[in-house]
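These notes are about the structure you will find just below.
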Amino acid sequence: MANSSPRRPPSGIKVIVVGAGFAGLAAAIECDRKGHSVTLFDKVDNIEEITRIGDIISFDPNGSVAFERWPGVVDQMEAIARQTKHIDLYHHQGKFVTRQDFSHEKAWGRRINGHRGQLHNIIYRHAVDRGIDIRLGKRVEDYFEQDLPPQAGVVVNGERIAADVVIAAEGVRSRGRKIVLGFDENPKSSGYAVYRAWFPADRVRNNPVIKHLVENGDTHQGFIGPDIHFLASTIKNGTEVNWVFTHIDDGNIEESWQFPGKPEEALKYLGGWCDVVHELVKATPDGRLIDHKLVYRDPLPTFISPKRRIALIGDSAHPFLPTSIQGASQSIEDGVVLATCLELSGRQNIPRALKAYEKLRYARVHRAQANGPKMRERWHKADWNEVWKKPEMIHLIRETWLLNFDAEKDAYDRFSSVLEELERDEQQIKPRL
């Protein structure tokens with residue numbers, strides 16, 4: 001396909017991106033838009049290894065605003081996204097509690113909730129159509145950076161491949177974390193895991209207990225109980241069903257933390273829960289359920305390497321709990337801001353660009369990250385005597401500062417002041433040295 005996507009004049013900056021997930025693709029696309037030359041590496045041999053993942057992912061307005069700038073992408077996403085304007089919340093035994101309406105958020109931008117693999121495929125195809133150099137089946141073994149000549153790079157199959165800057169977007173096990181931190185660090189269990197399912201609505205449509213979920217288009221509901229929350233959606237005009245529920249986990253993190261799940265095992269956590277929840281789990285076909293351990297990382301002191309040529313983005317830098325509903329959107333913001341800082345700094349000032357990226361992102365990311373545990377506790381430890389008096393106590397956290405935000409505009413607007421702030425910080429440090 002001919003590349004007709006707009007881009008800025010060539011910047012001369014060579015960028016390596018490691019990881020073809022949402023964070024890596026967004027960074028690659030945004031760098032391409034800004035005129036940088038991009039090469040993206042991923043260990044998977046076939047992109048379907050990523051796109052076949054079948055559970056729901058959410059992009060709030062602060063994430064989807066980037067898609068508006070990628071020709072054709074947001075309309076393709078909207079065509080397969082859940083079309084709902086509210087969520088209905090229930091007590092785990094089935095009694096309705098409250099409806100939280102999101103209609104007012106339309107003024108902030110689009111809420112896009114859909115099949116993780118299908119949305120990923122749309123973005124991947126856009127990256128391909130842009131002509132970005134994507135190299136699959138290439139496992140990055142190590143990272144490096146040096147002063148002379150000033151560059152950074154990766155080692156792939158024993159070969160050193162250099163660029164001006166490297167963006168590590170491989171997720172919580174990124175090898176880039178070692179060069180940033182200076183030591184190896186293993187992920188920890190959050191103490192929770194998530195069952196995730198996605199399947200055609202045929203198995204629901206004839207079930208008298210749950211058929212109402214697919215009879216009137218798309219729906220969205222949540223069931224709240226002790227140490228568990230269960231969220232269910234119907235999507236694509238009620239033709240597909242997905243559900244997820246977070247539960248306490250044994251905390252054992254192995255080499256792999258995603259496993260095939262069995263409905264009968266999931267049901268063991270749901271004793272005393274309402275029939276709607278039970279029937280949704282029972283309706284799940286074999287092979288359509290996964291059990292995913294939620295991994296935790298201590299907050300990092302920095303997102304960039306000592307020589308300021310390697311940057312962590314997305315889960316490599318700051319894994320989010322699902323209850324934040326911000327992990328995906330924040331990863332998109334990361335790529336947008338980093339690409340913009342590189343553009344504004346130029347090739348001769350890569351380290352300055354990475355410092356500005358970190359300064360623009362660090363406080364915002366960690367403030368957003370804190371909403372995950374806060375929201376989980378709001379649901380899992382709900383005081384129902386108080387909730388029945390004030391049902392909005394269990395509403396999702398939806399804050400203007402977080403959702404009504406354009407990361408690109410913010411980076412352009414604040415870049416100069418951030419540089420001044422960084423210069424003041426350096427001047428304050430120098431006398432002590």
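Things to note:
- Stretching the chain fully between Lys381 and Arg414 yields a gain of 7.9 nm (0.36 nm per residue, less the alpha carbon separation).
- A crude spin-label estimate for the pair Asp202 and Asp88, with each label 7 Å from Cα along the Cβ direction, gives 2.7 nm.
- Summary value for the range 315-433: 33 percent relative contact order, contacts being C-alpha pairs under 8 angstrom separated by 6+ residues.
- Once the C-beta distance of Glu423 and Ala79 is scaled by a Förster radius of 56 Å, the resulting FRET efficiency is 0.75 to the nearest 0.05.
- Global form of the chain, assessed from the alpha-carbon gyration tensor, a/c cut-off 1.5: prolate
- The chain: relative contact order in percent, alpha carbon pairs under 8 Å with at least 6 residues between: 20 percent
- Whole-Å distance, taken between Cα centres, linking the range 199-233 and the range 108-140: 28 Å
- The range 188-337 - Debye-derived log10 I(q)/I(0), Cα point model, q = 0.16, 0.17 Å⁻¹: -0.93, -1.01
- The three principal axes of the C-alpha atoms in the range 343-433 carry coordinate ranges of 59, 33, 17 Å, sorted with the longest axis first.
- For the chain, the solvent-accessible area with a 1.4 angstrom probe is 44 square angstrom per residue.
- C-alpha center-to-center spacing [the range 302-363, the range 9-76] in angstrom: 14 Å
- Ligands, DNA and RNA left out, the 1.4 Å accessible surface of the chain is 47% carbon and sulfur atoms.
- Rg and Dmax, both from the Cα atoms of the range 284-404 and both in Å, are 18.3, 61.
- Computed from backbone phi, the HN-Hα couplings of the range 137-148 come to x, 10, 7, 7, 8, 6, 10, 8, 8, 8, 8, 10 Hz, rounded to whole numbers (Karplus: 6.51 cos²θ - 1.76 cosθ + 1.60, θ = phi - 60°; Gly and Pro given as x).
- Between the Cα long axis of helix 350-369 and the first principal axis of the chain there is an angle of about 20°, rounded to the nearest 10.
- Of all DSSP bridge pairs formed entirely within the chain, close to 75 percent run antiparallel.
- In Hz, Karplus ³J(HN,Hα) per residue of the range 78-83 (6.51, -1.76, 1.60; θ = phi - 60°; x = Gly, Pro): 4, 5, 10, 8, 5, 9
- Whichever lysines have a C-alpha closer than 30 Å to that of Lys43, once near sequence neighbours (fewer than 8 apart) are set aside: Lys14, Lys34, Lys138, Lys178, Lys188, Lys262, Lys293, Lys307, Lys355
- Geometric descriptor of the range 1-128, per residue, is 134 Å³ (volume of the convex hull of the Cα atoms).
- Each label point was placed 7 Å from the Cα along the Cα-to-Cβ direction; for Asn157 and Leu267 their separation is 4.9 nm.
- Model label zone, Lys43; criterion: amide N under 18 Å from point 7 Å along Cα-to-beta-carbon; scope the range 137-157: 137-144, 154-157
- For the range 296-337: rounded, prolate or oblate by the Cα gyration tensor [a/c cutoff 1.5]: oblate
The values are calculated or read from the model by the stated rules, or taken from the named source; none is laboratory data. All values derive from a computational prediction rather than experimental measurement. Don't worry about glycine lacking a Cβ; one is built from the backbone with ideal geometry, like all the others, and counts go over all protein chains shown. For the accessible areas, the whole protein counts, side chains as well, though only heavy atoms, and no ligand, DNA or RNA atoms are used. Shrake-Rupley method; radii C 1.70, N 1.55, O 1.52, S 1.80 Å.
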